[in-house]
Amino acid sequence: MKMHKALERGDFVPFLQPKYELKEESVAGAEALVRWLDPEEGMIYPDEFIPLFENNGFIVELDLYMFEEVCKLIERWHREGRQIIPVSVNLSRSHFEIPNFFDYYEYVLKKYDIPPKSIEIELTESLFYNDFELLSDLVNKIHKVGLSCSIDDFGSGYSSLNM
């Protein structure tokens with residue numbers, strides 16, 4: 001399929017969206033946002049492919065790929081002596097259908113020289129309503145390997161002011 005070939009070619013690219021700290025007036029981090037740079041169609045934005053990938057399960061492969069790309073980037077910054085800002089990457093709820101899925105994340109972290117707290121895993125708020133014990137275990141694993149985590153889309157579900 002086209003998406004598998006695109007992944008093999010490296011057509012999925014992380015674009016970093018800065019996180020700005022108002023008080024310090026500085027960039028405090030970034031979020032890795034995926035863009036599909038198709039050789040024929042040009043740039044394809046996530047709203048055009050993420051829903052399909054979530055439905056067909058390819059989102060897991062894409063998330064893992066993006067995590068590794070961010071690890072490579074941070075390792076390069078570290079090697080070049082650049083300032084490292086924390087970069088957040090998304091973790092889709094589809095991962096929870098795979099037993100021991102976080103083992104691969106740990107493997108990738110060991111493969112690269114990543115300073116602690118330089119990657120943040122973004123968990124979607126909706127994950128907190130399924131299996132809190134499973135989620136709590138994941139958060140502990142994330143912290144144990146030196147990553148931080150945050151809630152993505154906070155305020156859009158049960159924590160929303162509309163609720």
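Between amide H atoms placed 1.01 Å from N, distances below 5 Å from Y112 occur with no residue 5 or more places distant or on a separate chain. Taking V13, V145, V27 as the candidate residues, the one with maximal mean-square fluctuation in a Gaussian network model of the chain, Cα springs under 10 Å, is V27.
In the assembled protein chains, F15 presents an accessible area of approximately 80 Å² (probe radius 1.4 Å). 3J(HN,Hα) couplings calculated from phi for the stretch 133-141 with the Karplus curve 6.51 cos²θ - 1.76 cosθ + 1.60 (θ = phi - 60°) are, in sequence order, 5, 5, 5, 4, 4, 5, 4, 5, 5 Hz; Gly and Pro show x. Note that the stretch 50-66 has calculated 3J(HN,Hα) couplings of 4, x, 5, 5, 5, 6, 9, x, 5, 4, 5, 4, 5, 4, 5, 4, 5 Hz, one per residue in order, obtained from phi through the Karplus relation 6.51 cos²θ - 1.76 cosθ + 1.60 (θ = phi - 60°); glycine and proline are x. Between R82 and H143, full extension at 0.36 nm per residue minus the direct alpha carbon distance yields a gain of 19.6 nm. By the rule of a C-alpha distance below 19 Å, with chain neighbours fewer than 8 residues away ignored, the lysines paired with K19 are K117. Label reach from L37 (point 7 Å along Cα→C-beta): in the stretch 74-101, amide nitrogens under 18 Å belong to 74, 76-77. By DSSP, the beta bridges lying fully in the stretch 1-144 are antiparallel in about 65 percent of cases. Put simply, the amide H of I119, placed in the peptide plane, has neighbours under 5 Å in V87, S148, leaving out anything fewer than 5 places away on its chain.
When all C-alpha to C-alpha distances in the stretch 1-99 are sorted into bins of 10 Å, what percent of pairs does each bin hold, rounded to whole numbers? Result returned by the calculation: 14, 42, 31, 13, 1. Ligands, DNA and RNA are left out, and with a 1.4 angstrom probe the accessible area of the chain is 60 Å² per residue. Remark: the stretch 104-120, residue by residue, has Karplus-estimated 3J(HN,Hα) of 5, 4, 4, 4, 5, 4, 5, 5, 10, 8, 10, x, x, 6, 8, 10, 10 Hz, where x stands for each Gly or Pro and the curve is 6.51 cos²θ - 1.76 cosθ + 1.60 at θ = phi - 60°.
Counting only residues at least eight positions apart within a chain, or on another chain, the aspartates and glutamates with an alpha carbon under 17 Å from that of K72 are E8, D11, E31, E61, D63, E80, E106, D113, E120.
The values are calculated or read from the model by the stated rules, or taken from the named source; none is laboratory data. Computed from a predicted structure; not experimentally measured. When we count neighbours, we look across all protein chains shown, and the Cβ atoms used for this are built from the backbone with ideal geometry, even at glycine. Side chains included, ligands, DNA and RNA excluded: accessible areas come from the protein's heavy atoms. Shrake-Rupley method; radii C 1.70, N 1.55, O 1.52, S 1.80 Å.
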